[in-house]
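What follows is a short report on a single structure.
FYI, it's all coordinate maths here, none of it is from the lab. Here the structure is a predicted model, which means the values were calculated and not measured. No Cβ is skipped: glycine too gets one built from the backbone with ideal geometry, and neighbour counts run over all protein chains shown.
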There are 4 protein chains.
Amino acid sequence: MNAAIRAVVRTALVNNMNVIGVMHGYEGLVNGEFRPMGARDVGGILQRGGTVLLTSRSKRFMEPSGQREAIRKMNEAGMDALIVIGGEGSMNGANALAQQGVKVIGIPGSIDNDIWGTNIAIGTDTAMNTIMDAVDKLRDTASSHQRAFLIETMGRNSGYLAVMAGIICGAEIVLIPETPVDQQEIAASVEDAYRRGKTHAIIINAEGSGIRTTDLATMIDEMDLGFKTRMTILGHIQRGGSPTAYDRLLASRMGVKAVEALVEGTHGVMTGLKGKGIDFIPLADVISNKRKVNMEYYHMVKVLAR
Amino acid sequence: MNAAIRAVVRTALVNNMNVIGVMHGYEGLVNGEFRPMGARDVGGILQRGGTVLLTSRSKRFMEPSGQREAIRKMNEAGMDALIVIGGEGSMNGANALAQQGVKVIGIPGSIDNDIWGTNIAIGTDTAMNTIMDAVDKLRDTASSHQRAFLIETMGRNSGYLAVMAGIICGAEIVLIPETPVDQQEIAASVEDAYRRGKTHAIIINAEGSGIRTTDLATMIDEMDLGFKTRMTILGHIQRGGSPTAYDRLLASRMGVKAVEALVEGTHGVMTGLKGKGIDFIPLADVISNKRKVNMEYYHMVKVLAR
Amino acid sequence: MNAAIRAVVRTALVNNMNVIGVMHGYEGLVNGEFRPMGARDVGGILQRGGTVLLTSRSKRFMEPSGQREAIRKMNEAGMDALIVIGGEGSMNGANALAQQGVKVIGIPGSIDNDIWGTNIAIGTDTAMNTIMDAVDKLRDTASSHQRAFLIETMGRNSGYLAVMAGIICGAEIVLIPETPVDQQEIAASVEDAYRRGKTHAIIINAEGSGIRTTDLATMIDEMDLGFKTRMTILGHIQRGGSPTAYDRLLASRMGVKAVEALVEGTHGVMTGLKGKGIDFIPLADVISNKRKVNMEYYHMVKVLAR
Amino acid sequence: MNAAIRAVVRTALVNNMNVIGVMHGYEGLVNGEFRPMGARDVGGILQRGGTVLLTSRSKRFMEPSGQREAIRKMNEAGMDALIVIGGEGSMNGANALAQQGVKVIGIPGSIDNDIWGTNIAIGTDTAMNTIMDAVDKLRDTASSHQRAFLIETMGRNSGYLAVMAGIICGAEIVLIPETPVDQQEIAASVEDAYRRGKTHAIIINAEGSGIRTTDLATMIDEMDLGFKTRMTILGHIQRGGSPTAYDRLLASRMGVKAVEALVEGTHGVMTGLKGKGIDFIPLADVISNKRKVNMEYYHMVKVLAR
C-alpha cells in the first residue's frame, strides 16, 4: 500500500494540494492522529511491506457518533477530502462518510481479492507470489515417497487466492468457500493423482472452505490413498513481503487517479481496474455487491492438474 | 513459457488430441525435431525459467523453401495444427505459415512487451520484477554520498520495461527509444533531485534509447552535478528466473484458450489479453502494427519522482 | 545436495574414475537402480532444490540381508566405493556398510543440523533463510493491533533451526526439544514484550518441543496477554527451495574432499566442517554421538529480543 | 550491518551501558552527529539492507587534527568506548584512535571479504547470494545458441567473491586481481566449454582483474570461439538487499562479542570468525596484513566446471 500512499502524496503536491496523513486508519481519524506529508516523507517506502501509516480496527468509527467525531476532526484540520486505502470494511466506512457529505475516494487493497468493482485489488499479486514460492518449495522435495501436501491459504469468504494458486502451482484440488466439496471428491482427486503416477498431490485449502486443514490431513491419512500427508499453514506471511512490480504499478496508478478524481470534482467512488484502465465505481455499488470467484478458473485447475 | 506449454499439452489431452512438441523453435520445425508430449512430460516445469522445448533462431525458416520444408515435416508427422509461443519474429513466422494454409495459433511471449495486440505478453512481469529487485538493492545502499545510479534495461525498440520500472522504482528520468531526450534534460532532472535533497538519483536507460550507458555515466560525471555515478547493466538476467504468479497465470490462460480456439475451428490468430479476458487477434494485424509505449506512463514517472 | 553430487562426479572424472549414480538412496542400492554419470549429467542442477538422484526410505536395507544384497549389487556393478549424502539415518547405513568392508564416505546433509561431527550440514543454511523470509514477512504486517506470531519450524530432536531463527528474526522466546519451558515462562516473555511496547511478539516452536503449535496458540489466547495470536506452520517448505550460496559452497567443498579421501585411501569417515577446513570424522564416532544445541545461543535470543 | 548495530545496542543495554549512535561514520564522529540509542530504536531493522546509521567518507578524519577533534567530541559526549563496523579503511581509523588511547573494538564488514583476521566479514554472504541469483537467471536462458556470459563482480583488490561465485555458479574461468590470466588461457577455457558440448560458458570478472569487462566482451567476440557474448555488470546491487541468515547471525554474534570484550576490559581489537568461535584480533595486525584468496578454491573452479 505504500506505493499508493506515495502516489497520492506526490500527485497531490504537483497539484498544489496540502497532504495530511492519517495514522492507524479510521481509529486515527476519530482521534485526529494526523501528520503533514511532504515529498520526502514517502521516499524509500516503495519496497516495504505493510503501510507506513499503520492500520487499526476501530469500534468507535462503526458508530454514527464516531463518524461525526471523525468528520469534526477532519474539519478542524482543514481537510477537504479523504482518500481511503483498504478492504471491504474500509469501503463501507468510506461510503458512510460519503453519505454524510465527505468527499471521499476509495482505493481497493485486499489480500484475497474479495472487493467488488475492480479486477484485482492491491496486495493480491504479492500474496499470490508468496503462496506460489511456498508451493514451489514443497514440490522440490519430490521423492519416491508419495506425498500429499495440504496448504492452507487466506480467503475467509473468497476462494480467489486458492483457485489461482491451484492453476499456477498445479494443485489436484482446491477447497473454497464458494463451493462445497465432499470427502469422496477429495479422495477421488488424490487417488487419481496417485494412479496417474504423480509423486505428490497438492491440495489447496482456503481458510474459509469449511474444512479445517488439520481435519483434512487426518481425513486423508485415514483414507490411506497411497500418499502420506504433510501440512503447511501459511498464515500471515501472505500479508507481508516487499510488494511485487504488479502491485506497485497498480497502486501507483490508482493513487494518481484518486487525486485526479478529486481535482476533477469526482468523489464517492472507488478506483477500479477495468481492462487496461482505471475506472471510478460508486462506493454504494462496491459495498452492495459481492464478488464471486469465476468458476471457469475453478474448472481450469482440474484440467491443468491432469 | 513453460506454463503455456503445460497448459497447451494438458488441455489438448483433455480434448483427446495428440500433442507433439517441437524442439528449438522454427529451426526444429524445419528439421523435424519432434517429440510426443504426455501429461507427465510437462510435470514439474512450472517453476523453471526458460523453456523445456528450447529456442533457436532459424535462417532457413525465413526463406520460402524453409517454410515449405517445415510444412512437409508437419504433414509427415501428422500435425494438424501448430501453436507458436514467442515474440514478434515468431508471430511473423506464424503468419507466414497461416498464409500457406497451416492452422496456427500464436501466443505472445516477450520480455519487453513489444507485441501489438495484447495488453501484456508472457515474460514481461517476470522481467519487471527482476529489474525492480535490482533497483531496490541499489536504493538500500543509501549513504551521505550523493549517488546517481544508472541502470540499463532491455528494450531495443520498446521503452515499456524502462518506463514501468521508472514508475515502480522511483526513477528521476527514463531514457527510451520512443522519445529522444537531450543532455540538458538529463542534467536538469539529476540536478533537481540533488536540490530537492534526494540522496540518490536513479536513471533508467533502455538499451535502445540511443545513448550508451557507459557514455551516459561519463557525461554525468563530467557535468559534476553533485552525484557520483554508479552503473549497473542487467543484461540477460532479465530473461531468466522462475516466472512470477502473474506470468504463470497469463501463460496458463493463453495456453488453454489457444487449444479451445483450435477445437472451435479458430486459427490464424494470436491470443491477446484484453481487459479481463483473452481475445483472438488476427496474426496479420499483429504483425502490421507497432506497439507504442503509453506516454501517460512516461509522464507519471516525473510526477512520482518528485 | 545437487551441488555435492556435481562436485563428486566432476572431481571423480578428473581423477579418471567412473561414476555411477544410485537412484532412490539405499532402496535403490538394494535394487541396483544405477545409472552412469558423466560431466553433462550434472550440468544445470546447481540451482535446483531436492536431489536429482531422488530419495527413499528403505526397510529392506535396515536388515542385514538387505545390506548383503546391496553389497552384492555394488560388486556386480563394479563399484569400488560408495559416497553417501544424507542425515543421521544415512550415516548409520554408511557405517553398517563400512563395517562389512565397503569403502564408504559420508557427506552430512540435514535441514535441522542434527548431525554430530560437522559444524553445519548441507541444507541447514537454505532452511534457515526460508524461515527468516517467512518471519520477515510476518513482521511487515505490523499494526496497532498487538499480535503474537507463532511459527513452527522443523526440528524433531534438535532446536538448532529454532534457536538460530530466534537470534536472526528477533523472537521473544524459542521452544526446543532440548529444554522444557513451562507455561509461566512463555507467558512472562510475551507479557514482557507487550510491556516494553513491542507491537508484536514472535514465538518460534520447534516441532519436537513437546508443545503442539495449535495448543500453544490456544494457551496464549486464553491467557489474554494483550496480543492476539496468529499461527504459521512452515512444514516441508523448509526442505525445498534453490540452495543458498553457503550451501552450494559447503556441498561443493565436501564433494571434492570426499573424492580426494578415496584417492588417498581414506574411508569409513564423514566429511565435517571444522573451522575453515573440511576434516574426516570416523563414521563410528558420528553415529555414537548426539549433537546438542549450544545453549549460549539459546540465551542470546533473550538478550537480543530486549 | 543493522544486525550488528542491534546486537551491540541491546547487549550493551543488558550490561547497563548507555549507547550513543554515531551517524555517517567517522565524518559524523568529527562533527559530533550523535544520537542516543534505546532498545526500540533498533527494532524492525534486521531485514533492511544498508545501515540505519548511514555511512560517509571523511577526509578530515584522515588528518591527525580530525582525529583529535573526534576524540574531543567523544569526550564531550561522555563516550568511554567506540565500536566501529566497517571495512579496511574503518579498521585503519579504528587503529589510529586506539593508538591515541581510545578504547575501540572493530567489527569487520566487507562485501568482497578483503579484511585480514576473520574467515569472513559481514556482508559477503549476502553479496554472494546476489551474484548467484543473477548467474542462475543467466543459465535459465539456455538455448541452442551457444552463449558466453560475462559477469562483472565487485572485488577491486580481492578475488574472493569472483572465485567463490565461480565454484557455486559453475564458471568456466574466473579473472581476479591476484592472478593475471592471459588472453590465450581465457580463449582456451571458452573453447573447451564449447567442445565439451556446453550450451553456455560463464566467465566471472572481478572489477579489479585488470581487464575491463567491455574489453573482454570485444576480445571474445573477435576470437570467434563459437559463443556469442552477453554482458552483465552487477555494480552496486551487490551492496544492497536484505541480509541473509548467515550475515545476520554473524553480525549478531560479533555485536554481542564486541560488547562483551568491552565489559571484560579488552579493546584495540577486531572481532574475527575463527572456526566456530569469535576471536579478538589486534587491530594493528589486521591493518598490517593483506588477505589473499585461497588458490585452492581458484583451482576448484576449473575442476568443477568440467
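Once the C-beta distance of residue A:75 and residue D:75 is scaled by a Förster radius of 35 Å, the resulting FRET efficiency is 0.05 to the nearest 0.05. In this assembly of identical copies, the label point of residue D:264 (Cα plus 7 Å along Cα-to-Cβ) is separated from its counterparts by 3.3, 7.0, 7.6 nm, sorted shortest first. To the nearest ten degrees, helix B:64-76 and the longest principal axis of the Cα atoms of chain B are 50 degrees apart.
Ranking of C:52, A:135 by neighbouring Cβ atoms within 10 Å, starting from the fewest: C:52, A:135. Counting Cβ atoms of other protein chains within 10 Å of each residue's Cβ and taking the mean over peptide B:126-138 gives 6.
With each label modelled as a point 7 angstrom along the Cα→C-beta vector, the residue A:212-residue A:14 pair spans 5.2 nm. Using Cα atoms only, what is the angle between the long axis of helix D:2-14 and the major principal axis of chain D, expressed in degrees (0 to 90) to the nearest 10? The angle comes out at about 20 degrees.
Restricting the range A:53-103 to trypsin sites (Lys or Arg not before Pro) that sit in a DSSP loop and have at most 15 other Cβ atoms within 10 Å of their own Cβ leaves A:57. Between residue D:183 and residue A:228, the distance separating the two model label sites (each 7 Å from Cα on the Cα→Cβ line) works out to 6.1 nm.
The overall shape of the range C:127-239, judged from the alpha-carbon gyration tensor, is oblate: a/c is not under 1.5, and a/b is no greater than b/c. Based on the alpha-carbon gyration tensor of the protein assembly as shown and its eigenvalue square roots a ≥ b ≥ c, which shape applies: rounded if a/c is under 1.5, prolate if not and a/b is larger than b/c, or oblate? It is rounded, given that a/c, with a ≥ b ≥ c, falls under 1.5.
As a calculated quantity, the FRET efficiency between residue C:191 and residue B:68 at R0 = 60 Å, using C-beta atoms, amounts to about 0.15.
Other residues with beta-carbon under 9 Å from the beta-carbon of residue D:262 carry, at +1 per Lys or Arg and -1 per Asp or Glu, a net charge of -2. Placing dummy labels 7 Å off each Cα toward the beta-carbon, the span from residue C:57 to residue A:57 is 4.2 nm. Please average, across the residues of C:158-168, the number of beta carbons from any other chain that are within 10 Å of each residue's own beta carbon, and give a whole number. What the average comes to for C:158-168 is 3.
Angle of helix B:213-223 to the longest C-alpha principal axis of chain B, folded into 0 to 90 degrees and rounded to 10: 10°. Sorted from shortest to longest, the distances between the residue C:100 label points of this copy and the other copies are 6.3, 7.2, 8.1 nm, with each point 7 Å from Cα along the line through the beta carbon.
How big is the gap, in Å, between the Cα center of the range A:120-162 and the Cα center of the range B:245-290? Distance between centres, Cα-based: 27 Å. Loop-located GluC sites (Glu not before Pro) in the range A:93-188 (DSSP state other than H, G, I, E, B) with a sparse environment of at most 13 neighbouring Cβ atoms within 10 Å are absent.
Pairs exceeding 28 Å between alpha-carbon atoms, taken from A:59/B:276; A:137/B:137; B:137/B:228; C:137/D:276: A:59/B:276; C:137/D:276.
Loop-located trypsin sites (Lys or Arg not before Pro) in the range D:182-249 (DSSP state not H, G, I, E or B) with no more than 15 neighbouring Cβ atoms inside 10 Å: D:196, D:212. Taking a straight line from the alpha carbon of residue D:198, these aspartates and glutamates sit under 19 Å away, with near neighbours fewer than eight places off in the same chain left out: C:41, D:136, D:140, D:172, D:185, D:221, D:224. Counting only residues at least eight positions apart within a chain, or on another chain, the aspartates and glutamates with an alpha carbon under 15 Å from that of residue C:103 are C:80, C:260, C:264.
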